[in-house]
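Asker: Before we start, here is the structure in question, set down as structure tokens.
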Number of protein chains: 2
Amino acid sequence: MLTLHHLNQSRSQRVIWALEELGVPYQIVRYQREKTMLAPPSLKKIHPLGKSPVVEDNGLILAESGAILEYLQETYDPESHLKPQDAAHKTQYRFWLHYAEGSLMPLLMMKLVFNSLGKPPVPFGLRTLGNLLAQGVQKGYLNGQIETHARFVESHLAENSWFAGDHLSMADIQMSFPVFALLARGGVDNLPHLHAWKKKVEMRPAWQRAIQQGGPFEIPG
Amino acid sequence: MLTLHHLNQSRSQRVIWALEELGVPYQIVRYQREKTMLAPPSLKKIHPLGKSPVVEDNGLILAESGAILEYLQETYDPESHLKPQDAAHKTQYRFWLHYAEGSLMPLLMMKLVFNSLGKPPVPFGLRTLGNLLAQGVQKGYLNGQIETHARFVESHLAENSWFAGDHLSMADIQMSFPVFALLARGGVDNLPHLHAWKKKVEMRPAWQRAIQQGGPFEIPG
């Protein structure tokens, strides 16, 4: 049986969602973030990078969300419910699968890191200056970039009901983590289509089962 | 004819390399980084994200390195010279295509940003404290992460001549940018297989033609 190594409040939530959409039997091995919010060292016993998600399936040990979702689609979705068939939507599918972690998430991770420069474990005496530096980087570069990306994704969803066509696909599942993070910490207003897409996702029975399996899913702002 | 919108010293260098390996006719539209090292606003006329690489081909406008390389492979590589055929190497291929920008590059981008906290445009009076904060983040988190990833990639290349099997593939082309960045700014010693792989890359005639086309390629430390 397929095993998912699942870290709470993490990217592996979307692998549970994919498995629930596909109806693949699986078991979960659970890991809890440490006080630092980092993954526990025990994950390194499964994969040298010590990251989650990692899946084990028929002797294969695979990390990296995009690669895992593509593997699941090719292995467990023979009727291609979660991958579009026509060429134009396939190009979109591939784009969003790469864009989610290749372009959007790095900006939102950087936002999280800079938001934290005014908080512990940064020493008390440095926090005011930490905030000042963080505001400088955010105003000078980061906020503008995040706004550009938010408008880009919003305008795509204004014209498409799902990321790669008229149906849910792995592209939506891959985009769920960065879109939820964007809405939680991006600081960008007026994104009605992103909010509507998030609501559609949360109403899916497979998403709801995934939350029951994986635990509450609130991305820190 | 395929058009590549190319920014100097950027990720689009690897798209030129891919086109040269495949022997696809193409034209280059050139963009120069501004003094801030950011891309010029004129790139936004081509694609709303204002990024490079972007390719235009038969009416399609496509961004995101991983998606572009997969598109080129599927469109211009009918004999599959740049994609392995067997299942195990295909899984590796897919992994490295996602890992390059999804996991490795974000760490190296963050390294670049934190290295810059002690330099202009950070105001003179803040630079010492900027350095102090940067050192804290780097020692507490970033350097350890980069070391873990460097050892992981090194151990893969200790057992494989190329990233996905015995031949060059798009996985190598996608990994070239982060590996060059890792060797330039990662601060990790003793990576002989990464250095050997870089040398093999630089000896390829298609790489050398790509450098002639795209201009010198030195990733800032």
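Asker: Can you work out ³J(HN,Hα) from phi for every residue in the range A:110-124, in order, using Karplus 6.51 cos²θ - 1.76 cosθ + 1.60 and θ = phi - 60°, giving whole Hz and x for Gly and Pro?
Answerer: Listing the rounded values in order: 5, 4, 4, 5, 5, 4, 8, 5, x, 10, x, x, 4, x, 3 Hz.
Asker: Right, something else. Towards the positive end of the charge dipole of the range A:87-204, with charges on Cβ (+1 Lys, Arg; -1 Asp, Glu), say which of A:Pro123, A:Trp197, A:Ala181 has the farthest Cα.
Answerer: Positive-end residue among those listed: A:Pro123.
Asker: Compute a Gaussian network model of chain B, connecting alpha carbons closer than 10 Å, and tell me which residue from B:Ile146, B:Ile16, B:Ile28 fluctuates the most.
Answerer: Among B:Ile146, B:Ile16, B:Ile28, the largest GNM mean-square fluctuation belongs to B:Ile28.
Asker: Residues of the protein assembly as shown: accessible area per residue at 1.4 Å, in Å²?
Answerer: I get 44 Å² per residue for the protein assembly as shown.
Asker: While we're on this one: Work out from phi, with θ = phi - 60° and the Karplus expression 6.51 cos²θ - 1.76 cosθ + 1.60, the ³J(HN,Hα) of each residue of the range B:65-82, listed in order in whole Hz, and give x for Gly and Pro.
Answerer: So the J values, rounded to whole Hz, are 3, x, 5, 5, 5, 5, 4, 4, 4, 5, 8, 10, 9, x, 8, 6, 5, 10.
Asker: In the range B:2-76, what percentage of the DSSP-assigned beta bridges are antiparallel, given to the nearest 5?
Answerer: Approximately 55 percent, going by the DSSP bridge assignments.
Asker: Where is the GNM fluctuation largest for chain B (alpha-carbon springs, 10 angstrom cutoff): B:Ala100, B:Ala181, B:Ala196?
Answerer: Fluctuation is largest for B:Ala196.
Asker: Hey, got the average number of other protein chain Cβ atoms within 10 angstrom for residues in B:59-69?
Answerer: Values: counts 0, 3, 0, 4, 6, 9, 3, 8, 10, 3, 1.
Mean number of neighbouring Cβ atoms from other chains: 4.
Asker: Okay, next question. If you take the accessible area of B alone plus A alone and subtract the pair, what total do you get in square angstrom, rounded to 100, with a 1.4 Å probe?
Answerer: In total, chains B and A hide about 3600 Å² from solvent.
Asker: Let me ask something additional. Give the distance, in whole Å, between the Cα centre of the range B:151-198 and the Cα centre of the range A:1-69.
Answerer: Between the Cα centres of the range B:151-198 and the range A:1-69 lies a distance of 25 Å.
Asker: If you don't mind, another one. Do any residues of the range A:110-128 show a loss of at least 40 square angstrom of accessible area between the isolated chain and the full protein assembly, using a 1.4 Å probe, and if so which?
Answerer: A:Met110, A:Val113, A:Phe114, A:Leu117, A:Leu126
Asker: Can you report the principal axis dimensions of the protein assembly as shown using only the alpha carbons, biggest first, rounded to whole angstrom?
Answerer: 59, 55, 45
Asker: Okay, moving on. Quick one: net charge around A:Gln208, please, counting Lys, Arg +1 and Asp, Glu -1 for every other residue with C-beta under 10 Å from its C-beta.
Answerer: That works out to 0.
Asker: Treat each spin label as a single point 7 Å out from the Cα along the C-beta direction, and report the B:Arg185 to A:Asp189 distance in nm.
Answerer: Between B:Arg185 and A:Asp189, the label points sit 3.4 nm apart.
Asker: Can you check what the net charge comes to around A:Leu2, using other residues whose Cβ is under 11 Å from the Cβ of A:Leu2 (Lys, Arg +1; Asp, Glu -1)?
Answerer: Summing Lys and Arg as +1 and Asp and Glu as -1 gives -2.
Asker: Could you give P(r) for the range A:87-204, binned at 10 Å from zero, as whole percent values over all Cα-Cα pairs?
Answerer: Here the calculated profile for the range A:87-204 is 13, 41, 27, 14, 5, 0.
Asker: May I pose another question? Once R0 is set to 30 Å, what does the formula 1/(1 + (r/R0)^6) return for the Cβ-Cβ distance between B:His167 and A:Ile61, expressed as a FRET efficiency to the nearest 0.05? Don't jump to the answer; show the numbers that get you there.
Answerer: Values: r = 24 Å, r/R0 = 0.79.
Computed FRET efficiency for B:His167 and A:Ile61 comes out at 0.80.
Asker: Multiply the residue gap between B:Lys119 and B:Glu218 by 0.36 nm, knock off their C-alpha separation, and tell me the result in nm, one decimal place. Working shown, then result.
Answerer: Working: separation 99, 0.36 × 99 = 35.64 nm, distance 1.99 nm.
Stretched fully, the B:Lys119-B:Glu218 segment lengthens by 33.6 nm.
Asker: Keeping the other protein chains in place, figure out the carbon and sulfur percent of the accessible area of the protein assembly as shown, with a 1.4 Å probe.
Answerer: 53
Asker: Still on this structure, please answer the following. Per DSSP H run of n ≥ 4, the term is -39500 (n - 2.57); total these for chain B, divide by its residue number, and report the mean residue ellipticity at 222 nm rounded to 500 deg cm²/dmol.
Answerer: Values: 9 runs with 114 residues, N = 221.
Theoretical 222 nm ellipticity from helices: -16000 deg cm²/dmol.
Asker: Return the average number of partner chain Cβ atoms within 10 angstrom of each residue Cβ along peptide A:93-105.
Answerer: Rounded to a whole number, the mean comes out at 6.
Asker: Would you be so kind as to identify which of A:Val55, A:Gly214, B:Tyr26 lies farthest towards the positive end of the dipole of the protein assembly as shown, taking Lys and Arg as +1 and Asp and Glu as -1 on Cβ and the Cα centre as origin?
Answerer: Of the candidates, A:Gly214 comes out farthest on the positive side.
Asker: Another question about this same structure. Would you list, by chain and number, the aspartates and glutamates whose Cα falls below 20 Å from the Cα of B:Lys111, excluding same-chain residues fewer than 8 positions away?
Answerer: B:Lys111 reaches A:Glu101, B:Glu101, B:Glu147, B:Glu154, B:Asp189, B:Glu218.
Asker: Taking the Cα centre of chain A as the origin, how large is its charge dipole in debye, to the nearest 20, when only Lys and Arg (+1) and Asp and Glu (-1) carry charge on their Cβ atoms?
Answerer: Result for chain A is approximately 1000 debye, rounded to the nearest 20.
Asker: While we're looking at this one, here's another question. Report, by chain and number, residues whose modeled amide H sits under 5 Å from the one on A:Ser12, excluding near sequence neighbours (fewer than 5 apart, same chain).
Answerer: Result for A:Ser12 returns A:Leu7.
Asker: Loop only per DSSP, at most 13 neighbouring Cβ atoms within 10 Å: give me the GluC sites (Glu not before Pro) in the range B:58-125, ordered by residue number.
Answerer: B:Glu79
Asker: Another question about this same structure. Tell me, what HN-Hα J-couplings in whole Hz come from the Karplus equation 6.51 cos²θ - 1.76 cosθ + 1.60 at θ = phi - 60° for each residue of the range B:143-154, using x for Gly and Pro?
Answerer: 4, x, 4, 5, 4, 4, 5, 4, 5, 5, 5, 4
Asker: Suppose a student asked you for the relative contact order of the range A:2-76, using Cα pairs under 8 Å spaced at least 6 residues apart; what percent would you report?
Answerer: So the answer I get is 35 percent.
Asker: Here's another thing I want to ask about it. In nm, what does the list of distances from A:Ala158 to its counterparts in the other copies look like, shortest first, when each label sits 7 Å along Cα to Cβ?
Answerer: Counterpart label points of A:Ala158 in the remaining copies fall at 5.3 nm.
Asker: How far, in nm to one decimal, is A:Ser80 from itself in the other copies if the label point is set 7 angstrom along Cα toward Cβ? Shortest first, please.
Answerer: Its label point is 1.7 nm from the equivalent points in the other copies.
Asker: Looking only at A:Phe124, A:Phe152, A:Phe114, which one moves most when chain A is put into a Gaussian network model with springs between Cα atoms under 10 Å?
Answerer: Taking springs between Cα atoms under 10 Å, the residue moving most is A:Phe124.
Asker: Could you tell me the relative contact order of chain A? Use alpha-carbon pairs under 8 Å, at least six residues apart, and round to a whole percent.
Answerer: Over chain A, the number comes to 25 percent.
Asker: With the calculation restricted to Cα positions, what are the radius of gyration and Dmax of chain B in angstrom?
Answerer: Rg and Dmax of chain B, Cα atoms, are 18.1, 59 Å.
Asker: If I take R0 = 30 Å and measure r between the Cβ atoms of B:Gln85 and A:Thr3 in this structure, what FRET efficiency does the formula 1/(1 + (r/R0)^6) give, to the nearest 0.05?
Answerer: Details: r = 28 Å, r/R0 = 0.93.
Once the sixth-power term is evaluated, E becomes 0.60.
Asker: What residues qualify as long-range amide H neighbours of A:Gly186, i.e. H under 5 Å apart, gap of 5 or more or another chain, H built at 1.01 Å from N?
Answerer: none
Asker: Put the label 7 Å from Cα along Cα→Cβ for A:Pro48; what are its distances to the other copies, in nanometres, shortest first?
Answerer: Those label-point separations list as 4.1 nm.
The values are calculated or read from the model by the stated rules, or taken from the named source; none is laboratory data. What you see is a predicted model, and the numbers here were worked out from it, not measured in a lab. Virtual Cβ from ideal backbone geometry, glycine too; neighbours counted across all protein chains shown. Areas reflect the complete protein model, heavy atoms only, side chains present, ligands, DNA and RNA absent. Shrake-Rupley method; radii C 1.70, N 1.55, O 1.52, S 1.80 Å.
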